[in-house]
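Asker: Here it is, the structure, as structure tokens.
The values are calculated or read from the model by the stated rules, or taken from the named source; none is laboratory data. All values reported here derive from a predicted model rather than from experimental measurement. Here the Cβ positions follow ideal geometry from the backbone for every residue, glycine too, while neighbour counts run over all protein chains shown.
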Amino acid sequence: MKTFFNDQHPLHHGRHEMFRGKLVPCVEVPSRADFVLQELRARGLGEVASAPEVDLAPIERVHARRYIDFLSTAWNEWVALDPANAELDALPSYWPIRTFRSDVLPASFPARMGLFSYDAGSPITSGTWPAARQGAACAVGAADHLLQGGRSAFVLTRPPGHHAGHDFFGGYCFVNNAAVAAQRLRDGGVARVAVLDIDYHHGNGTQAIFYERGDVFFASVHGDPHTEYPYYLGYADERGAGAGEGCNLNLPLPRGTGVARWREAMAIALQAIARFGADALVVSLGVDTFAGDPIAGFTLQSSDYLQVGDDLGATRLPTMFVFEGGYAVAEVGVNTVNVLEAFKQRAG
Ligand SMILES: [Zn+2]
């Protein structure tokens, strides 16, 4: 399996996130990706490549231009507000909820930051944009690898992507790597693409991007949004709209769910993907379903991820994995590579 590794990822290194009234150290840290890379190399899973050179066009296929303009200039604008800001992460303080206007692009940087975000847990740092942009380039590289006949690929990047929507960031995510990849596959001639999101948290950004599309099926197994982040999307009655009616499948599960029930849900998702007739699969691979994860509530064990990879390998679809969440840093490498190695053994 060919891995596309984002060597720019450490440039995104948030200091603090706002959590229930307190600034706390960031949970999404650079060592996450380094542990996965270390484990990949230790087990000899295959070639590790860098991101190809790509322009912004594949990113703008799924994200609004004004949002990309914002992300690419955000740090400079933040520091321009006050030179002392260079020592702080940028976090939003205002949001235009529901009946407020979102068509007007305010001149104020803090107001624009609120317009394009939905939580205060996703700091923008000096290196957020170059890291996120390079991650998207890795996603393009992996999609192109499948388009050229490769059977599998892994995008090892951070910040993660699945909470980022057409024009918003949140949940530690800025550019939606899985969506960039799915669109790249479509643009490269793959007729029907499925995105399966198995991160603990619902992939609200990916769902929103493809919600009215009949050519990209989105399925997600995740913590019930009644109690789990991202709260406002991810319910079972969200089934797609317009041309996408029936092409969205949410399988929320209660906190405390273990591997047996979790695998049943993933089997339902894979059956739906087969019925859809997918020609390629993009897996948003978060391993925050692990029992020891500090911000999640399922109880999968490290050895269970071998079974997950085996289940995915049985689909026989050209498959690319995109690294999402997983915050039990000491185990994130083993858990992630367990999925990939078992997949490879099954899929060949
Ligand atoms: Zn997650």
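Asker: Just give me the residues in the range 291-348 being within 16 Å of the ligand (Cβ to nearest atom) and not in a loop (DSSP other than H, G, I, E, B), in sequence order.
Answerer: Scanning the range 291-348 gives Leu300, Tyr305, Val308, Phe321, Val322, Phe323, Val329, Glu331, Val332, Asn335, Thr336, Val339.
Asker: What's the number of the condition Ala33 fails, among (1) at pLDDT 95 or above; (2) over 18 Å from the mean Cα position of the chain (by Cα); (3) more than 20 Å from Phe168 (Cβ to Cβ)?
Answerer: It is condition (2) that Ala33 fails.
Asker: Sticking with this one: Kindly provide the set of residues from the range 154-202 that are in a loop (DSSP other than H, G, I, E, B) and β-branched (Val, Ile, Thr), ordered by number.
Answerer: Within the range 154-202, Thr157, Val175, Val190, Ile198 qualify.
Asker: Look at Gly246 and say whether it is surrounded by fewer than 18 Cβ atoms within 10 Å (Cβ to Cβ) and at pLDDT 95 or above.
Answerer: It is true that Gly246 is surrounded by fewer than 18 Cβ atoms within 10 Å (Cβ to Cβ) and at pLDDT 95 or above.
Asker: What's the total number of residues in the range 227-237 that are more than 16 Å from the ligand (Cβ to nearest atom) and either in contact with an Asp or Glu (Cβ under 8 Å, 6 or more places away or on another chain) or touching a residue at least 24 places away in the same chain (Cβ under 8 Å) (or both)?
Answerer: Total meeting the criteria: 0.
Asker: Is one or more of the residues making up the range 255-272 without any contact (Cβ under 8 Å) to a residue 12 or more places away in the chain, part of a loop (DSSP other than H, G, I, E, B) and more than 19 Å from the chain's Cα centre (by Cα)?
Answerer: Start the filter on the range 255-272 by keeping residues that are without any contact (Cβ under 8 Å) to a residue 12 or more places away in the chain, which leaves 260-261, 264, 271.
Of the ones still in play, those that are also part of a loop (DSSP other than H, G, I, E, B) are none.
Checked against the condition, which is being without any contact (Cβ under 8 Å) to a residue 12 or more places away in the chain, part of a loop (DSSP other than H, G, I, E, B) and more than 19 Å from the chain's Cα centre (by Cα), the range 255-272 yields no hits at all.
Asker: So Phe174 ticks every box in (1) closer than 23 Å to Ala342 by Cβ; (2) crowded, with 24+ Cβ neighbours inside 10 Å but one. Which box is left unticked?
Answerer: Among (1) closer than 23 Å to Ala342 by Cβ; (2) crowded, with 24+ Cβ neighbours inside 10 Å, the lone unmet condition for Phe174 is (1).
Asker: Taking only the range 53-75 into account, find how many residues are part of a helix (DSSP H, G or I) and surrounded by fewer than 12 Cβ atoms within 10 Å (Cβ to Cβ).
Answerer: Looking only at that region, the number is 2.
Asker: If you check Gly214, Gly205, Gly240, which single one turns out to be within 14 Å of the ligand (Cβ to nearest atom) and either in a helix (DSSP H, G or I) or out of contact with any His (no Cβ under 9 Å at 6 or more places or on another chain) (or both)? Even if it seems obvious, please write down each step before you answer.
Answerer: On the way: Gly214 fails: within 14 Å of the ligand (Cβ to nearest atom); Gly240 fails: within 14 Å of the ligand (Cβ to nearest atom).
Only one candidate qualifies: Gly205.
Asker: For the range 76-101, which positions are loosely packed, with under 14 Cβ neighbours inside 10 Å and either polar (S, T, N, Q) or assigned to a helix (DSSP H, G or I) (or both)?
Answerer: Asn76, Ala80, Leu81, Pro83, Ala84, Ala86, Glu87, Ser93, Thr99
Asker: Checking the conditions here, which among Pro230, Pro225 is touching a Phe, Trp or Tyr at 6+ places or on another chain (Cβ under 6 Å) and surrounded by fewer than 24 Cβ atoms within 10 Å (Cβ to Cβ)?
Answerer: So the residue among Pro230, Pro225 that is touching a Phe, Trp or Tyr at 6+ places or on another chain (Cβ under 6 Å) and surrounded by fewer than 24 Cβ atoms within 10 Å (Cβ to Cβ) is Pro225.
Asker: May I pose another question? Name the residue, out of Arg158, Arg133, that is among the charged types (D, E, K, R), under 14 Å from the mean Cα position of the chain (by Cα) and surrounded by fewer than 24 Cβ atoms within 10 Å (Cβ to Cβ).
Answerer: One residue alone meets the criteria, Arg133.
Asker: Something else about it: Would you check which residues across the range 98-149 are on the phi < 0 side of the Ramachandran plot and charged (D, E, K, R) and list them?
Answerer: Result: Arg101, Asp103, Arg112, Asp119, Arg133, Asp144.
Asker: Taking the condition of being assigned to a strand (DSSP E or B) and in contact with a Gly (Cβ under 7 Å, 6 or more places away or on another chain), how many residues in the range 1-48 meet it?
Answerer: 6
Asker: Against the condition farther than 28 Å from Gly149 by Cβ, away from the ligand (no atom under 16 Å from the Cβ), buried (at least 20 other Cβ atoms within 10 Å of the Cβ) and touching a residue at least 40 places away in the same chain (Cβ under 8 Å), how does Asp288 come out, does it pass?
Answerer: No: the conditions fail for Asp288.
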